[in-house]
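The structure under discussion appears below in the form of structure tokens.
The values are calculated or read from the model by the stated rules, or taken from the named source; none is laboratory data. Computed from a predicted structure; not experimentally measured. All Cβ positions, even for glycine, are placed from backbone atoms using ideal geometry, and neighbour counts span all protein chains on display. For the accessible areas, the whole protein counts, side chains as well, though only heavy atoms, and no ligand, DNA or RNA atoms are used. Shrake-Rupley method; radii C 1.70, N 1.55, O 1.52, S 1.80 Å.
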Amino acid sequence: MRYVLVTGAGGGMGRATVRALCRQGFFVFALDKKALPEEENVMPLAVDVTEEEDVIRAFRKVREVTDSLYAIVHYAGIYALDSLVEIESEAFERIFRINLFGAYYVNKTFLPMLKPGSRILITTSELAPLDPLPFTGIYAVTKAALDKYAYALRMELQLLGIRVSVLRAGAVRTDMLGASTDALTRFCEKTELYRYNAARFRQIVDRVEARSISPEKLAEKSLSILSKRSPAFSYALNRNPLLRLLSCLPKSWQCAIIRRILR
């Protein structure tokens, strides 16, 4: 029996991946902030990954079952949409703790259970390697930081025979997609500085998110990466061609285009 730990297991991507892993004969430790129902070959653990002591308690419970993990798969994350000069300080810090610190705590704590040949897969975002857009900056910055953290971790853990990869996914039809719509609605209602700009930006976001894929598709991609003998560092799924094209342009052009569209 091979064991995999999945964070954010209660979300759409996490649930789909847990089911896919079980079909392939894995035993899954399903970590989520809310307690999940019991399933065959799944051990649900209620864990707040932003609390290191909570992660350590989960580690002790997992060690009662096995001393070795084949893989750690990270889905725990949160979407935020706000302006960088209006976002509350607490919210600014919170998204960093969830999107970046959570992965750090889990990887650091569970490292003793990773052996040569084990792998870590971190879901970042298609925005991670791209230049941030207005109002998605806080989310893009945290995912870019997570992506850079993953690469630094890969550089180090390769010396121990452990592979680290990232999956940079575009829009996926999960609760997070609905959360992004809700976040945009709240931002449009509360912003004092960008009311007209935010309304125009919403039209762009609606078009981008209309091109979404199912969580099962992402789960298939995740399993494909985990099954590779020598996985690469980065994999992409459902990236938006217009976002990629915009990011290829000179910075001055990008700013001019966004200014023209949103003003």
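Scan around Leu114 for amide H atoms under 5 Å from its own, H built in the peptide plane at 1.01 Å from N, and keep only partners 5 or more places away or cross-chain.
Leu69
What lysines could a cross-link reach from Lys33, if we take a straight Cα to Cα line under 17 Å and drop same-chain neighbours fewer than 8 places away?
Reachable lysines: Lys61.
Under 11 Å from the Cβ of Lys143, count the other residues' Cβ atoms, weight Lys and Arg +1, Asp and Glu -1, and hand me the total.
Numbers: positive: Lys148, Arg168; negative: Glu126, Asp147.
Net charge in that neighbourhood comes out at 0.
Tell me, what ³J(HN,Hα) does each residue in region 243-251 have, in order and in whole Hz, if you take phi through Karplus 6.51 cos²θ - 1.76 cosθ + 1.60 with θ = phi - 60° and put x for Gly and Pro?
5, 5, 5, 4, 5, 7, 6, x, 4
Just Cys248, Cys188, Cys22 to compare: in a GNM of the chain, with alpha carbon springs under 10 Å, which one fluctuates most?
Cys248
Calculate how many DSSP beta bridges within the chain are antiparallel, expressed in % of all such bridges and rounded to the nearest 5. Don't skip to the answer; put the middle values down first.
Details: 1 of 31 bridges.
Taking every DSSP beta bridge with both residues in the chain, the antiparallel ones total about 5 percent.
Share of the chain's accessible area from carbon and sulfur, percent, 1.4 Å?
Values: 7060 of 13290 Å².
Result for the chain: 53 percent of the exposed heavy-atom area is carbon or sulfur.
Take every Cα pair under 8 Å in the chain that's 6+ residues apart, average their separations, divide by the length, and report that relative contact order as a whole percent.
On the way: 438 pairs, mean separation 51.0, N = 263.
Taking the mean separation of contacting Cα pairs over the length of the chain, I get 19 percent.
Counting only helical runs of four or more DSSP H residues, what would the 222 nm mean residue ellipticity of the chain come to if each run contributes -39,500 (n - 2.57) and the total is spread over all its residues?
Working: 10 runs with 126 residues, N = 263.
Roughly -15000 deg cm²/dmol at 222 nm, from the helical runs in the chain.
In whole Hz, what ³J(HN,Hα) sequence does region 43-52 give by Karplus (6.51, -1.76, 1.60; θ = phi - 60°), x for Gly and Pro?
10, x, 9, 7, 9, 9, 5, 7, 10, 4
Quickly work out the Arg260-to-Lys115 label distance, labels modelled 7 Å from Cα along the C-beta direction, and quote it in nm with one decimal.
The two pseudo-label positions are separated by 5.9 nm.
Please give the peptides 7-15, 77-85 ranked by average Cβ packing (other Cβ atoms within 10 Å per residue), highest first, as a rough proxy for protection. Write out the running numbers ahead of the final one.
Numbers: 7-15: 24.3, 77-85: 19.0.
Ranking, from highest mean packing down: 7-15, 77-85.
Packing-wise, with mean Cβ within 10 Å as the measure, how do 135-145, 228-238, 111-121 rank, highest first? Please report the intermediate quantities before stating the final value.
Working: 135-145: 21.5, 228-238: 13.1, 111-121: 17.7.
Top to bottom by mean Cβ count within 10 Å: 135-145, 111-121, 228-238.
Quick one: pull the percentage of alpha-carbon pairs in the chain with a separation above 26 Å. Walk me through the numbers on the way to the answer.
Working: 13989 of 34453 pairs.
More than 26 Å apart: 41 percent of the Cα pairs in the chain.
Tally Lys and Arg at +1 and Asp and Glu at -1 over the other residues with C-beta under 15 Å from the C-beta of Val85: what net charge comes out? Show your work: numbers first, answer last.
On the way: positive: Lys190, Arg195; negative: Asp82, Glu86, Glu88, Glu192.
Residues close to Val85 contribute a combined charge of -2.
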